[in-house]
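S.K.: Sharing a structure, written as structure tokens. Questions coming.
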Amino acid sequence: MLANIRKIIVQVDEVLIEMGQAVNPPTRRALAMAVIDNPYAGSYSENLDQLVAIGEELGGLLGEKCVKALGIAPGAAHSYGKAAIVGEAGELEHAAAILHPKLGAPLRQAVEKGAALVPSAKKLGGLGTAIDVPLGHKDAAYVRSHFDAMEARVADAPRAREIVVAVVVTASGRPLARIGGLQASEIVGQDGLR
């Protein structure tokens, strides 16, 4: 394993009631986070290949942990998203190196297909910094019922020379979604949009 992982956190959020209305089936979202050493902390490097490779490794690992936590088959996943928080000895580009070049392909494999872009967020921060992991339907970006986010936070991370990498996978859209647009049942799923 390329990533030097200090800890992994997995959480499941399940909404049963919203505005006094039963949510049936419940809305379920899983968050998996890895707290890793930043191999480029404290110095500038033109080449960030090590973080790109770590991103590829974590995309599959964290995606699989989310699917397992939800207790669903990979193809039953609805939405996904990714985010990273870089500690103060790093830079924003370190998060970009993890998230963008190669994390998506193994995450898509973990949820089967994934024709749509994986929404992402990144920031710099210290211990306990929170980030909202943006979500969108994995196969069709125009499905409004799946525009959402889930907060990710680790109380003791990121330390100065660490990065928190987060992936969220859902088993549904938002609770009681009702603003119209393309429905999940209408997805063609070939262009990532519809």
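S.K.: Cβ-Cβ distance below 6 Å, separation of 6 or more or different chains: which pairs start in the range 117-131 with a residue that is in contact (Cβ under 8 Å) with a residue 24 or more places away in the chain and assigned to a loop (DSSP other than H, G, I, E, B) and end on one that is crowded, with 17+ Cβ neighbours inside 10 Å and basic (Lys, Arg)?
M.R.: Val118/Lys82
S.K.: Spot the failing condition for Lys68; the list is (1) part of a helix (DSSP H, G or I); (2) farther than 15 Å from Thr170 by Cβ, and only one is missed.
M.R.: Of everything listed in (1) part of a helix (DSSP H, G or I); (2) farther than 15 Å from Thr170 by Cβ, Lys68 misses just condition (2).
S.K.: Of the residues that sit in the range 78-92 and are in contact with a helix residue (DSSP H, G or I) (Cβ under 8 Å, 6 or more places away or on another chain) and of a type in the set (Gly, Ala, Ser), which one is nearest to Pro158 (Cα to Cα)?
M.R.: The residue in question is Ala84.
S.K.: Residue by residue through the range 157-184, note down the ones that are within 30 Å of Ala95 (Cβ to Cβ), of a type in the set (A, V, I, L, M, F, W, C), part of a loop (DSSP other than H, G, I, E, B) and touching a residue at least 60 places away in the same chain (Cβ under 8 Å).
M.R.: Ala157, Ala160, Ala171
S.K.: Only one of (1) within 12 Å of the chain's Cα centre (by Cα); (2) exposed (fewer than 15 other Cβ atoms within 10 Å of the Cβ) fails for Asp156. Which number is that?
M.R.: Only one criterion in (1) within 12 Å of the chain's Cα centre (by Cα); (2) exposed (fewer than 15 other Cβ atoms within 10 Å of the Cβ) is unmet by Asp156, namely (1).
S.K.: Please tell me if Ala96 is within 22 Å of Gly125 (Cβ to Cβ), touching a strand residue (DSSP E or B) at 6+ places or on another chain (Cβ under 9 Å), outside any helix (DSSP H, G or I) and modelled with pLDDT of 95 or more.
M.R.: no
S.K.: Of the numbered conditions (1) surrounded by 13 or more Cβ atoms within 10 Å (Cβ to Cβ); (2) in contact (Cβ under 8 Å) with a residue 40 or more places away in the chain; (3) touching a helix residue (DSSP H, G or I) at 6+ places or on another chain (Cβ under 7 Å); (4) part of a loop (DSSP other than H, G, I, E, B), Met1 satisfies every one except a single condition; which is it?
M.R.: (1)
S.K.: Under the condition of being at pLDDT 95 or above and among the charged types (D, E, K, R), which residue from the range 148-187 is nearest to Val52 (Cα to Cα)?
M.R.: Of everything passing the filter in the range 148-187, Glu162 is nearest to Val52 (Cα to Cα).
Listed here are the residues, each with its yes/no results for (1) farther than 30 Å from Ile179 by Cβ; (2) in contact with a Leu (Cβ under 6 Å, 6 or more places away or on another chain); (3) at pLDDT below 95.
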position: Leu51; (1), (2), (3): yes, no, no
position: Ala69; (1), (2), (3): no, no, no
position: Val86; (1), (2), (3): yes, yes, no
position: Leu103; (1), (2), (3): no, no, no
position: Leu127; (1), (2), (3): yes, no, no
position: Val133; (1), (2), (3): no, no, no
position: His137; (1), (2), (3): no, no, no
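The values are calculated or read from the model by the stated rules, or taken from the named source; none is laboratory data. All values reported here derive from a predicted model rather than from experimental measurement. Don't worry about glycine lacking a Cβ; one is built from the backbone with ideal geometry, like all the others, and counts go over all protein chains shown.
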